[in-house]
Each structure stands twice: as C-alpha cells, then as structure tokens.
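Only the coordinates and a few stated rules stand behind these numbers; no lab work does. Quick caveat, the model's predicted, so the values are computed rather than measured. Using ideal geometry, Cβ is built from the backbone for each residue, glycine included, and neighbour counts are taken over all protein chains shown.
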Amino acid sequence: MSGDCDFGLIGLAVMGENLALNVESRGYKVAVYNRTTEKVDDLINGRAAGKDFVGTHSIEDFVKAVRRPRKLMMLVKAGPAVDAIIEQLLPHCDPGDIIIDGGNEYYLNTERRVKQVEEAGMLYVGCGVSGGEEGALKGPSLMPGGSKEAWPHIKDLLQSIAAKVGPNNDIPCCEWLGNGGAGNYVKMVHNGIEYGDMQLICEAYQLLHELGGLDNDDLYEVFEKWNQGDLQSYLIEITRDIFSVKDDQGGDGYLVDKILDVAGAKGTGKWMSQLALDLGVPSTLVTTAVFARGLSAQKEARVRASEKLNGPASGSNQEMTAIVKQLIGNREAFVEAVKQALYASKIVSYAQGFVQLQAASEEHDWGLNYGNCALLWRGGCIIRAQFLDRIKEAFDADPNLENLLLNSFFENAVEDAQESWRAVVAAASIMGIPVPAFSTALNYYDGYRMARLPANLLQAQRDYFGAHTYQRVDKEGAFHSEWLQLRKEPAHS
C-alpha cells in the first residue's frame, strides 16, 4: 500500500527544506523525513504550516506516504550517508520506484548505485543541483542522469521546479543528460568552471585594487557596469554586492576587508582536475584555481615569507615600469583592459570545461548534448551567465565543435580582447602581482593555437633516457635512436 504524496524528500537541512517547499509550491504533495525528527516537526509546524506536506518519523512511514511509482529524493551529505539511506530504503520500496540523489556526489559512486538499485528492481538517478539555498527555493539548475527509464516519471516534476530561461521565461534548466553518472559529472564540471570563474574575478579585484587604486565604492561601480554587458553573470552580480556591505559585526569599514584571505573547498574542483589528468585533457584553469585555494590556506607560511622574500624593486627597470605606468595611468582604460582579460580568460575556462565533457562523454558513451548542458547552466546555477546563450548557439550550430575557441563568436571575442589580456598579464608580472588564472588561461590559448610545440624535444629526452620511442614528421611508425652513441662528444677542459 502507498499513500497519496507525489514526492518524498529525505534531508531537511536548508537546501532540502527549500527544495521541498519549491516542489510543494508547484502543486505537488510532499512527504518529508529527517534522521533528526525534530527537524521534520519544525518544518511541518513552521514554514510548511498549512501547506500540502506529510511529516514522517521513520523510513518505513516515509516510503508508505508516497504513491507508486515513488519518487524519493535524498539531499544529504555525499558519500557513506547516501549508501546508508539506500540500504534503508530498498526493503520498503517496490519495483519501479525511483530513488534520486541530489547531492554533490562523485560520479563513479552514482554509477555503482545505479547498478545496485536496478538489480534490486528499482531505478536510480544522480541529479546535480546548483543554485544554493535561494535556487533550491525559487528554481535551481538540475542535472539528472542515471536509470533512463526513470526520466518519463520525474521529468514534469523536476522541470516544474527548475529555473526557467528564454524569451518567455518558459525553458526549464533541467534536461536528461545520460546514463550512469552523467548528471553528477556535468555538475562536477559546472563546479570546476565555478572555481575558475571565482579565481579570475578575485585576480581582477586584486589588480584593480592594488594596481588601479580602486576602493570598494569604485569596485562596486565597476562590477555594476560589468554586470550590464558581456560579463553579466551571477558571480559578477554578487561580487558587486559584496563591495557594498559594511562590517556588520561592530567594526568600521567594509566587511570584505575584514575577512581572512583563506579560501575553503569541498572537493569537486579537485575531482575535475584529477579526472582531466586521467582523460589526458588540459583543464589547466580549474587546476590552477584549486592550487590557488591551497596556497591561500598556507596563510601563516605566506606571512613569514612576506617578511623575507622580495618582489620587483620599484623602478629597477625603467622601460618595463613605463609600460605599466602607461597601462594604469588612465584608470578608465585600465579597468577596460582588466575587463577584457577577465572575459577572454573566462571563455578559455568554459572551453576547457566542454573539452573535458566531450572526452568523458566519449569514454563513457553518454552521448551528452553540449548545447543542453549550456542551457542547464543558463539559469538557477552559480555560473549562470549571459554568454552561455552563445555557447548553446555554438553547439546547436555544430554539435561536434572541437573547441569553443574555434566558434566564430568566441574566436572574435578573444581576438578583440587579446591585446589587453596580454598587457594585463605582463603588467601583473612586472609589478609582482600574482595572476595564476589569467596567465594560465593565456598560456592555454597560446599553446592551443601553436601548430608546433617543443614536445619534440621532450619526446627526444624520453627516448634518450628510457627508450620510449618517438614518431617522425616525415615517416609513419615508431622509432628509437641510440642517442648516447650518436651524440657529439663534449669537449673536456
């Protein structure tokens, strides 16, 4: 026997509670459960009072409250907690019931769970959820994948609660992505791009503040202007807002200046970087962003080093210093140059993310639709940005587009920004301002556009010391040379 609820949700932390309220607001009756049952009662008697909810105090009652085929979603901490809940759910479920994990799960865990749950007769979905607390309540970006048979049963519900975009605000940021762990992989790449975006914005901030002399009021105005143009995005918007917030804990001045410069991380950026290495694709920007957070965490070591290690001496190279002065002498021109560098670097970040998605899709036979991926990120999620429309257009025009940089729109955008991009990176280097993400993006662009790289020498080195062989530009096949015998004997003094 099953109840009359349309949907069940386990896990009533802020994300889970907000998502449950979102589902109910779309006309669905919702059953909720939490291991700490007081949270169930608090929701039912608080924010859900008078709404179409059923609170339950056991897994068995929770499952019974939902009509078949049941749609049961978990929003709990990724890892062992998810496995534990699945083990509790399965004995009470019926064939065809659908278990959905909405956490930031490692995609291989989802692949394993799909097999486990399907073997038990049920269906399993790993669904990336992006948008934070506000998105969960008002409309997140949803990235589902797993048991394909589940999609017709959950499509209407998930698309109803998702963020909407388009001219008529009627296109849901939710579409089926593929089998197994496809949804979680796409969410991971989303988060990796987010790492890169945030690091790039932070580097722009440091350049504008330390080289350009902009204070928080100035920065607010700059980011407000940027948010009206090509850089329009959620992250630019919230960065603008941050510069306007005064210290709310009794101090003077702005809150951002009182925050310790140590950044945290939850692991998805690291996953993307590690998996890029496994695939052999150069997702250099997310890797740089992860390492930048790691360096920020070495706060005490950096403070000690700052007292001993010197940067460039002021005026030591008059010619190079003049280049910097020319760039930063006109504040408006410098702000525009940093904007262009940020925009070009951001394009590279997304280009790398989609190259990794393409490699993973081919490896796992997911058949990802890259235009749909861009659409899913157009609203509700943290990396939502205006130019994602352009990414969707690029992949709609050419589903097999090898790299976003080869699309005419992005090719022209980077070409237009290139002079400013190079000038900003050069000025930062001359003045000793670290811009790891800006320079990594530029190095990727330069490496990608080179028909010939110095890897010929590298492969010669490998063959010299390890007989790893090499290929030739003029002949087919693998070759090995006896370098020690063929070398020129060094002159001995």
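Observations on the model:
- Computed about its Cα centre, the charge dipole of the chain is approximately 660 debye, with only Lys, Arg, Asp and Glu carrying charge at their Cβ.
- Three-way shape label, region 187-448, alpha-carbon gyration tensor, a/c 1.5: prolate
- For region 7-180, radius of gyration divided by Kirkwood radius, i.e. Rg to Rh on alpha-carbons: 0.94
- Anchor residue 325: lysines whose Cα lies under 29 Å away (excluding residues fewer than 8 positions away in-chain): 225, 308, 339, 346
- When restricted to Cα atoms, the chain yields an Rg and a Dmax of 26.1, 94 Å, respectively.
- Rounded to the nearest Hz, the phi-derived 3J(HN,Hα) couplings of region 227-241 under the Karplus curve 6.51 cos²θ - 1.76 cosθ + 1.60 (θ = phi - 60°) are 6, 9, x, 4, 8, 3, 6, 5, 5, 5, 4, 6, 5, 3, 4, where x marks glycine and proline.
- Set of aspartates and glutamates with alpha-carbon distance to residue 258 below 15 Å, sequence-local pairs under 8 removed: 215, 247, 248
- The loop-placed trypsin sites (Lys or Arg not before Pro) in region 244-343, going by DSSP, that have at most 14 neighbouring Cβ atoms within 10 Å of their Cβ come out as 266, 308.
- Once the Cα atoms are used to define both axes, helix 80-89 deviates from the longest principal axis of the chain by about 20 degrees.
- Sites excluded, GluC sites (Glu not before Pro) in DSSP loops with at most 12 other C-beta within 10 Å, longest stretch of the chain: 1-306
- Taking trypsin sites (Lys or Arg not before Pro) across region 74-154, the ones in a DSSP loop with at most 13 further Cβ atoms lying within 10 angstrom of their Cβ are 77.
- Ascending count of other beta-carbon atoms within 10 Å, so fewest first, for 354, 291, 62: 291, 354, 62
- Phi-based couplings in Hz for region 193-204 (Karplus 6.51, -1.76, 1.60; Gly and Pro marked x): 4, 4, 4, x, 4, 5, 5, 4, 5, 5, 5, 4
- Spatially proximal lysines relative to residue 266 (Cα-Cα < 21 Å; intrachain offsets below 8 disregarded): 77, 187, 299
- Size of region 212-300: Rg and Dmax of its alpha carbons, in Å, are 16.7, 51.
- Amide H contacts of residue 178 (H built 1.01 Å from N, under 5 Å, at least 5 apart or other chain): 146, 183
- Every Cα-Cα pair in region 329-487 was counted, and those over 25 Å apart are 50% of them.
- Net +/- balance of residues flanking residue 138 in space, Cβ distance below 12 Å, scoring K and R +1, D and E -1: 0
- Each part gets one Cα centre, and for region 146-163 versus region 251-294 those centres are 32 Å apart.
- The chain - percent relative contact order, Cα under 8 Å, separation 6 or more: 12
- Applying the Karplus relation 6.51 cos²θ - 1.76 cosθ + 1.60 with θ = phi - 60° to region 428-441 yields 3J(HN,Hα) values of 4, 5, 4, 8, x, 9, x, 10, x, 6, 4, 6, 5, 4 Hz, where x marks Gly and Pro.
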